[in-house]
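The values are calculated or read from the model by the stated rules, or taken from the named source; none is laboratory data. The shown structure was predicted, so the numbers you read here are calculated from the model rather than taken from an experiment. Neighbour counts are summed over all protein chains in view; Cβ atoms, including those assigned to glycine, are modelled from backbone coordinates with ideal geometry.
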Amino acid sequence: MNKKEHWENVFANKQQNEVSWYQPIPKPSIDFFEKEAIHKSASIIDIGSGDSYFIDYLVNNDYKNIYALDISENALNRLKNRLKGKNNTIHFINSDITEYKPDLKFDYWHDRAVFHFLTSKEDIEKYCRLVASAIDKDGKMMIATFSKTGPLKCSALPITQYDTEDLVQLFSDSFSLLKSETLNHPTPFETTQNFTFCLFQKK
């Protein structure tokens, strides 16, 4: 089963609260975002939207240029159905992040738990090149990954763990670190996953 097949299967067969990343109120993402006073017409992309309620937050707060990217068409369809009647400000993008070729620059890039699924040097370098070209000057990038004390797998797939220093080293050519936190995410299964959250600004 390739990556796309894996995620199509996950979103076809599991309910929202049957996956570890379920987060009905994405408070860490919202807290990072609100402190930056992002203007309502900003171009904002959520990488790996899946069942992300960060999109709901953006829609409910009148942001006008929202982009939801996911490798799974099933995931995007669930999002469309959930926000039916309110999704006229959302651009839905069905793509593997390593193959995505945007035709615009983003003011805010949100990635909660996609980047850590990239485990090959080639894919990690692709992602770094992508964000360097896709985020506008002075734009912001929020990335959250499993920390060095977090899980080694998610959804039965291997991941790459990061601490703040690792992420700074990867992105330092094009980005400056604004803020970082290590936070625990309580899963629906009464376990805890430790995350590294970092906010960067494009140089």
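Among Thr145, Thr160, which is the only one that is under 12 Å from the mean Cα position of the chain (by Cα) and within 24 Å of Ala68 (Cα to Cα)? Spell out the reasoning first.
Details: Thr160 fails: under 12 Å from the mean Cα position of the chain (by Cα).
One residue alone meets the criteria, Thr145.
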Could you give me the residue pairs with C-beta distances under 8 Å whose first residue belongs to the stretch 3-21 and is free of Cβ contacts under 8 Å to residues at least 24 places away in the same chain, whose second residue is surrounded by fewer than 13 Cβ atoms within 10 Å (Cβ to Cβ) wherever it lies, and which are 6+ apart or on separate chains? Asn9/Met1
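Which residue is surrounded by the most Cβ atoms within 10 Å (Cβ to Cβ), if the candidates are limited to the stretch 22-34 and must be touching a residue at least 40 places away in the same chain (Cβ under 8 Å) and more than 13 Å from Ile55 (Cβ to Cβ)? Step through it out loud before you land on a result.
First pass over the stretch 22-34, keeping only residues touching a residue at least 40 places away in the same chain (Cβ under 8 Å): 22-23, 26, 28-29, 32-33.
Pick out the ones that are also more than 13 Å from Ile55 (Cβ to Cβ) and you get 22, 28, 32.
Values: Tyr22: 19, Pro28: 19, Phe32: 22.
The residue in question is Phe32.
Please go through the stretch 25-54 and give me each residue that is in a loop (DSSP other than H, G, I, E, B) and over 15 Å from the mean Cα position of the chain (by Cα), ordered by number.
Of all residues in the stretch 25-54, those in a loop (DSSP other than H, G, I, E, B) come to 25-26, 35-42, 48-53.
Within the stretch 25-54, Lys35, Glu36, Ala37, Ile38, His39, Lys40, Ser41, Ala42 meet the criteria.
Out of all the residues in the stretch 139-155, is one or more in contact with a Cys (Cβ under 9 Å, 6 or more places away or on another chain), in a loop (DSSP other than H, G, I, E, B), closer than 21 Å to Tyr108 by Cα and of a type outside the set (A, V, I, L, M)?
no
Output yes when any residue across the stretch 58-65 is surrounded by 21 or more Cβ atoms within 10 Å (Cβ to Cβ) and either touching a residue at least 60 places away in the same chain (Cβ under 8 Å) or within 28 Å of Ser147 (Cα to Cα) (or both), and no when none is. Outline the logic, then answer.
Initial filter on the stretch 58-65 (surrounded by 21 or more Cβ atoms within 10 Å (Cβ to Cβ)): 58, 63.
Going one step further and asking which of them are either touching a residue at least 60 places away in the same chain (Cβ under 8 Å) or within 28 Å of Ser147 (Cα to Cα) (or both), we end up with 58.
Yes, because at least one residue in the stretch 58-65 is surrounded by 21 or more Cβ atoms within 10 Å (Cβ to Cβ) and either touching a residue at least 60 places away in the same chain (Cβ under 8 Å) or within 28 Å of Ser147 (Cα to Cα) (or both).
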Of residues in the stretch 168-203 being at pLDDT 95 or above and charged (D, E, K, R), the one surrounded by the fewest Cβ atoms within 10 Å (Cβ to Cβ): Asp173
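Scanning for something under 26 Å from Lys179 (Cβ atoms), in contact with a helix residue (DSSP H, G or I) (Cβ under 9 Å, 6 or more places away or on another chain) and surrounded by 14 or more Cβ atoms within 10 Å (Cβ to Cβ), does the stretch 9-19 turn up at least one residue? Give the steps one after another, and end with the answer.
We begin by selecting, within the stretch 9-19, every residue under 26 Å from Lys179 (Cβ atoms); these are none.
No, the stretch 9-19 has no match at all.
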Among residues belonging to the stretch 143-167 that are modelled with pLDDT of 95 or more and of a type in the set (Gly, Ala, Ser), point out the one that is surrounded by the most Cβ atoms within 10 Å (Cβ to Cβ). Ala144
